[in-house]
Each structure stands twice: as structure tokens, then as C-alpha cells.
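Visitor: Got a structure for you, written out below as C-alpha cells; questions coming shortly.
The values are calculated or read from the model by the stated rules, or taken from the named source; none is laboratory data. These figures come from a predicted structure and were not determined experimentally. FYI the Cβ positions are ideal-geometry reconstructions off the backbone, even for glycines, and counts take in every protein chain you see. Calculation scope for accessible area: heavy atoms of the full protein, side chains included, ligands and nucleic acids excluded. Shrake-Rupley method; radii C 1.70, N 1.55, O 1.52, S 1.80 Å.
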Amino acid sequence: MTSGWPQALAIAAKDLRIERRSKAGFNSVVALGITILVLFGFALGPDAAALRDAAPGALWLAILFAAVLAFNRSYQVELDAGALDALLLYPAPRWTIYAGKLLANLAFVGLLIAIVVPVGIVLFQVTIPPRWPLLLLVVALGAFGIVTLGTFYAAMASRSRAREVLLPLLLFPMLIPVILASMEASKALLTADLMRAAGAWIRLLVGFDLVFLVATFLAFDHVIEG
Amino acid sequence: MTAPTAAPSIPATGRWPWFGAFALLSLIGAQALGLLTSPADRDMGHLQKIMYVHVPAAWMTFVAFFVVLVASLRYLMTREERHDLLAASAAEVGAVLNGLTLALGMIWGRPTWGVWWTWDARLTSTLVLFLIFVGYLALRGFVDERDRRAQWSAAVGILGAINVPIVYMSVKWWRTLHQLQSSPSTVDPVYVLSLRANAFAVLFVTIYFIRRRYEAACIARVAEWRREAFALGGTSGQ
Amino acid sequence: MLRGVDLTVHAGEVVALFGDNGAGKSTLLRVCATLLRSHAGSATVAGFDVQADADAVRTQVAFLGHDTGLYDDLTARENIAFAATMLGAPHPAVAESLERVGLMRVADERVRGFSAGMRRRVALARVLLQRPRLLLLDEPYANLDAQGVALVNTVIRDALDAGSAALLVLHEVAPAAELLTRRARLVDGRIAEAA
């Protein structure tokens, strides 16, 4: 049996190619992310200082709400023409399916963030801090946590009744540590980090990401079958 | 899809009703001990006595969810349905205890802090835990196929349990970094005995409830199995 | 639901399963293909247990169900190339198998525009990438014209020549009549008659 990485990469490439050909999906998700930011602006603004304070929270929630739409989509592709059966019949180990979906979703959400975050920075009048590379790291770690659990839970939710409700219902409470850590680390980095708090939150993010990466890889076999 | 050839079995009720009576009596006894013997608290007066239900309920919430974790792991290892049914029963009881903990915490918080809710570390992480297991129970409700439901909820139960300490840690940091007061956590030794007695009493009640829910779940499964066998018109149904 | 199906398919055999809707034909095929777990009883393919050695079984079977399992937004060639990577099949096999099912002319068009018959052909091209010991085909002649039927029969015959076996679910004998070595009828999840 092969190592599985060529298969995982093939699945990711296939998903992204399908996503690119039906651009409507990605564009709508981006548009939704921006709309959510605008709504937060109305809820929190128009005072510039208040907006700046609330920016990390608003941005992370906008990313979360938009990204969650991507996860069910990634399995919908397989369910449409019974392609999941075909996928399960290949002799490659099961984790390749999870790895492939994870990679595709990382690319999808990464691209989403690359568009939504700059828009948020403009809308919320955020000044870029000198330690912006660290901020990028926080964004990457936070997004990784969201995508890991999102991809995992969508494998179940997309095949249940009421999947639109079930995915966020399962996912959001589980993601509270990630969202909290991402928001707080971003906030600390944006406000000169007086208490050196960002480091602790970044460690928490790394820990969360690693724990759930391992746990979801181990559990995926049980979730994709049946 | 393919049904088991043998009907699932219903566990014998045995001496469990006696255990239930014992659990109820010990709860009454422990509550009486707490209400009658412990003096009124300096600051809180008799309000403190809510602790004799609130704290044991909180502890037993964790016990119940620990049972979910163990039963889920055992299900994935053995694929025996009884572990799945046990996990489901423990999750139901755990969610009720969790809800009770939250409600009592709020009732206690109103006169103590002057608000129904405060973003206290323990209260908040208890709420997050509640939401995680509401998701678990919702998943069970939304998946009809038996094997799927068992496998998926086992995975969700295990991941949820793994997340409990992480949630607690993150909420605690969030609180301390914002430098707001946390709730008083030390317990006066006067109250320790009653608290312990009540903890054991609530533990017995929890065990009894989980057991009865488990029996009920097994009976429901047998009924489901018989309906299936009957619908297929086979004679192998018993 | 299946109860006590006892069926052995030897190399070089083509066995057809008949039966009413819901008799369990597709279920049986899906159990053999490792897509369904059975709670009792066992099935082995080429000596591997479908439950304990599912990974090994998957290298030995080719399965074609009701659904073609194709991605609408990929072209026929991309669909087959994806399957080839997943199966670890060599890349020249992609064009070869598309050629054999007669789709070279439309290989670079998206499957979305294909008719049901054309989709079946693409799915057959995927089966051709494999060298299975056991072919599992669920109503392989559905939606196919005379040419397509002949194509399915060639695929089966080639597999037999290579020492494989085939288990088919059929509604009527006609299209496969010349190939069948045995027939079995499933009633209520049991083999009712074998001939």
C-alpha cells in the first residue's frame, strides 16, 4: 500500500478544482463574510475607538461564520452523485480522505481570510502593529483550529438530518477555546501587548491545534464509514 | 442496514430498585444533615445551603461525562452496542445535572453578586460544557441509522471530553487577564462533612439514574429491533 | 436485511443475483465491497475477511453501483485521472480506458452535460483501471444501449480471462445470458433458489 499522500493531495486538488469551476460558492462565502463585518460595524460603531477595540472579536466571528459554510460544502461534493462510495472504495487508507479535505478547506479558508481580514482592517480602522508577523501566526493557528474541527464535524453533520443547524451547534462550543485565544492574542498584539499575554494564548492555540489534529485523525476512520 | 441476527438483550432490573431507594434515602439524610447541622454563613446566611446541591451536581456532571468518555472509547474498541447506550444514558443524566448546576449557580449568584449571570471562570466553562453536550444529544437525535449514530456520537463524546480541560483553562486565563474577581473558592471546614455526605448521595442518585436510563434505552432498542423484524415479515423475529 | 446468505463465487464464474426490490441484493453487494458492515456472519474475498481486512479487500474488488460517483464539474478525463491516482494506477491507463469505453472524443468535456448512458461509460472506464479479483456490478446494463451492453460484457469477459470472478445484480437475464455461469434468487434476505 502506498503512503497515502499522493491520494490526499489528489483529493485536495480535485476539491479545489471543483470549487474554482463553480466560483459562485467561494464568492458568496466571501461576500457573506464582508456582510457580517458590516453588520458588526453597525452594532458597534460608529465611534472609531470602540470599533478598533472590537475589531479582533468582530473579525474572528466573521471568519468563523463564513468558514462554517465551507465545511458542509466540501462533503456535499461527494454526496451529490454518490461519489462518497467511490471514494471509500479506493484502497487508500481512510485518513487520506480527511487529510485531503483538510488541505482543501485550509486553502479555501486561507483565501477567505486573505480577503476578509484586509477589508476588516479598513472598515474597523485598525492600525497595523509593528509585530504584524506574529499576528499572521495567530491568524494561521486560529484558522487551523477552526478548519480541523470544522472538517471533522462536517463529515458527520453533512450526512445527518438538519445539517445546517447541526454543524454550528456541534462546532461552535468546541471552538470556544480557539476563538477566545485567537481574539485575545490578536487584541494583545494590536494594543502593544502590555501584559505579554499574547505568548500564553499562542501556546494555547498550538496546544489545541495539535491535540485536535491528532484526535480527529484517529477518530476519522469511525466517522467516515457507516 | 443489515440487522443483527440476535435480539439485543434487556438487562435484568435485579436489585436496582433497592439501590434507588437507598440513593433517595441517603440524599434525604445528607440534605437533612446539611440543612440542620451547618451554621448560617457569615456573609451569605442560609443561602449557603444551596451549595449542598450545587456543588455535588457540578462534580457529578463531570463524573457523568467521564462515563460518556469511557463508554465511547469502549464502544469504538469493541463495537458492542451496550457501550453506546450507556454513553447516551450518561450524557442525558450529565446534561440534566449540568443544567441543574447552572440554574442553582444563577439562583445563588443573584443575591450574592446582584446579577443572574457573571462571566466567572467556573460558571462560564460549565455553560460551555453544557453546550458541547447539548450538541452531542442533538447529534444523536438527528442521526437515524443505528451504527452511524453510535460511531459518530462516540467520536463527538470523546472530542468533547478532551476539550473540557482546555475550555476550562482558556476561560480561566480569559478571566485572570481581565483581572476581575473570581468567586470565592475556599470552603469553611464546618461545611466539609455535609458537603461530602451530599456528594456521595448525589453520586448514588446519578448512578441510579444512569442505570435506569440505560435500561430504558435497551428496552427501546429491543422494541426497535422487533418492529424491524416484523416489518420485514421474517419468522426469525422472536 | 440479510439473513443467512450462503454463496460462494469461484474464479472464472459469473453469478447473477435476482430478486424483488428490497430483497437485499444491493445490500449483499455492498457488504462484499466493504461499504456496509454486517452485524453477523462473514464474507471473504480472495481469502480476506470484508470486515477485518477491509483495506485488503478493497484492493481486490471493483464495484459499480447505481450511482456513478462522478464529479459533475470535472471532465471525463479528470474524473478518470483522479481515480487512477487514488488507485495507484499508471497514468497511461487513463487514456486507454477512456478509449475502450469510446469516450475519447468527449474526454475533455465536463461530465455535467453527459447523458445517463455516457456517465455509465465513464464509470466503466474507472472499473477498467483496476485488476480486480472480484467484479461487483449492480445493474450494470441500466441506461445502456446495445453498444454499451456489449461493452459491459467485454469488461466482464476480460476480467474472467484474467482469472477473476463477477457477481452481478440483474433484473433480467437477457443482456448477460451468454456469460452467466450461475443464477441465484434472493427472497427476504435468503438465497431462495440457485441454478
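Visitor: Output the strands (runs of 3 or more DSSP E) that fall wholly within the stretch C:125-195 and possess 2 or more residues being closer than 15 Å to C:E13 by Cα, or say none. Break it down stepwise before answering.
Guide: Values: elements: C:134-138, C:165-169, C:182-187, C:190-194.
Filter on the stretch C:125-195 gives C:134-138, C:165-169, C:182-187.
Visitor: Got at least one residue in the stretch A:142-157 being surrounded by fewer than 22 Cβ atoms within 10 Å (Cβ to Cβ), at pLDDT below 95 and either assigned to a helix (DSSP H, G or I) or among the polar types (S, T, N, Q) (or both)?
Guide: Within the stretch A:142-157 (the criterion being surrounded by fewer than 22 Cβ atoms within 10 Å (Cβ to Cβ), at pLDDT below 95 and either assigned to a helix (DSSP H, G or I) or among the polar types (S, T, N, Q) (or both)), the answer is no, since none of the residues qualifies.
Visitor: Across the stretch B:140-152, what is the total count of residues that are assigned to a helix (DSSP H, G or I), open to solvent by 10 Å² or more (accessible area, probe 1.4 Å) and more than 7 Å from chain A (Cβ to nearest Cβ)?
Guide: Number satisfying all stated conditions: 4.
Visitor: Can you tell me which residue in the stretch C:32-72 is nearest to the other protein chains (Cβ to nearest Cβ), limited to those that are in contact with a Phe, Trp or Tyr (Cβ under 6 Å, 6 or more places away or on another chain) and surrounded by 19 or more Cβ atoms within 10 Å (Cβ to Cβ)?
Guide: The residue in question is C:A33.
Visitor: Specify the residue that is nearest to the other protein chains (Cβ to nearest Cβ); the eligible residues are those in the stretch C:113-124 that are outside any loop (DSSP other than H, G, I, E, B) and open to solvent by less than 20 Å² (accessible area, probe 1.4 Å).
Guide: C:A123
Visitor: Here are the criteria: (1) open to solvent by less than 50 Å² (accessible area, probe 1.4 Å); (2) modelled with pLDDT under 90. Tell me which single one A:L167 does not satisfy.
Guide: Of everything listed in (1) open to solvent by less than 50 Å² (accessible area, probe 1.4 Å); (2) modelled with pLDDT under 90, A:L167 misses just condition (2).
Visitor: Continuing with this model, one more query. Name, by its number, the condition in (1) out of contact with any Leu (no Cβ under 8 Å at 6 or more places or on another chain); (2) within 17 Å of C:P140 (Cβ to Cβ); (3) touching a residue at least 40 places away in the same chain (Cβ under 8 Å) that does not hold for C:V101.
Guide: Tallying (1) out of contact with any Leu (no Cβ under 8 Å at 6 or more places or on another chain); (2) within 17 Å of C:P140 (Cβ to Cβ); (3) touching a residue at least 40 places away in the same chain (Cβ under 8 Å), C:V101 fails exactly one: (1).
Visitor: Next question, about the same structure. If you check every pair at least six apart or on different chains, which have Cβ atoms under 6 Å apart with a residue in the stretch B:156-177 that is among the hydroxyl-bearing types (S, T, Y) first and a residue that is open to solvent by 20 Å² or more (accessible area, probe 1.4 Å) second?
Guide: Matching pairs, first to second residue: B:S170/A:L180.
Visitor: Quick check on my filter: what residues within the stretch B:106-122 are away from chain A (no Cβ under 14 Å) and either assigned to a helix (DSSP H, G or I) or aliphatic (A, V, I, L, M) (or both)?
Guide: B:M106, B:I107, B:W108, B:G109, B:R110, B:P111, B:T112, B:W113, B:V115, B:R122
Visitor: Another one. Could you check how many residues of the stretch C:73-112 are within 13 Å of another protein chain (Cβ to nearest Cβ) and assigned to a helix (DSSP H, G or I)?
Guide: 14
Visitor: Checking B:A71 against (1) open to solvent by less than 20 Å² (accessible area, probe 1.4 Å); (2) modelled with pLDDT under 85, which test does it fail?
Guide: (2)
Visitor: Please enumerate the residues belonging to the stretch A:172-226 that are of a type in the set (D, E), within 9 Å of chain B (Cβ to nearest Cβ) and outside any helix (DSSP H, G or I).
Guide: Answer for the stretch A:172-226, where residues must be of a type in the set (D, E), within 9 Å of chain B (Cβ to nearest Cβ) and outside any helix (DSSP H, G or I): just A:E225.
Visitor: Here is a follow-up. So, in the stretch B:13-47, exactly how many residues are at pLDDT below 85 and open to solvent by less than 80 Å² (accessible area, probe 1.4 Å)?
Guide: 10
Visitor: Output the residues belonging to the stretch A:69-86 that are surrounded by fewer than 22 Cβ atoms within 10 Å (Cβ to Cβ) and within 9 Å of chain C (Cβ to nearest Cβ).
Guide: Of everything in the stretch A:69-86, those that are surrounded by fewer than 22 Cβ atoms within 10 Å (Cβ to Cβ) and within 9 Å of chain C (Cβ to nearest Cβ) turn out to be A:D80, A:A81, A:G82, A:A83, A:L84, A:D85.
Visitor: Any residue at all in the stretch C:13-27 that is within 8 Å of another protein chain (Cβ to nearest Cβ) and surrounded by fewer than 22 Cβ atoms within 10 Å (Cβ to Cβ)?
Guide: yes
Visitor: Then there is this: Would you mind stating whether B:L100 is under 17 Å from B:T126 (Cβ atoms) and either of a type in the set (S, T, N, Q) or open to solvent by 10 Å² or more (accessible area, probe 1.4 Å) (or both)? If you could, list the steps in order and put the result at the bottom.
Guide: Values: under 17 Å from B:T126 (Cβ atoms): yes; either of a type in the set (S, T, N, Q) or open to solvent by 10 Å² or more (accessible area, probe 1.4 Å) (or both): yes.
Taking the combined requirement at face value, the residue satisfies it.
Visitor: Let me ask something else about it. Can you tell me which of B:V187, B:V192 is away from chain A (no Cβ under 14 Å), modelled with pLDDT under 85 and in contact with a helix residue (DSSP H, G or I) (Cβ under 7 Å, 6 or more places away or on another chain)?
Guide: That would be B:V187, the only listed residue that is away from chain A (no Cβ under 14 Å), modelled with pLDDT under 85 and in contact with a helix residue (DSSP H, G or I) (Cβ under 7 Å, 6 or more places away or on another chain).
Yes/no per residue for (1) surrounded by 22 or more Cβ atoms within 10 Å (Cβ to Cβ); (2) assigned to a helix (DSSP H, G or I); (3) in contact with an Asp or Glu (Cβ under 7 Å, 6 or more places away or on another chain); (4) more than 9 Å from every other protein chain (Cβ to nearest Cβ):
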residue	(1), (2), (3), (4)
B:A87	yes, yes, no, yes
B:L104	no, yes, no, yes
B:A138	no, yes, no, no
B:A154	yes, yes, yes, no
B:I166	no, yes, no, no
B:W173	no, yes, no, no
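Visitor: If I ask for residues that are open to solvent by 60 Å² or more (accessible area, probe 1.4 Å) and modelled with pLDDT under 90, which ones from the stretch C:75-91 would you list?
Guide: Step one: of the stretch C:75-91, the residues open to solvent by 60 Å² or more (accessible area, probe 1.4 Å) are C:77, C:90-91.
Correct list: C:P90, C:H91.
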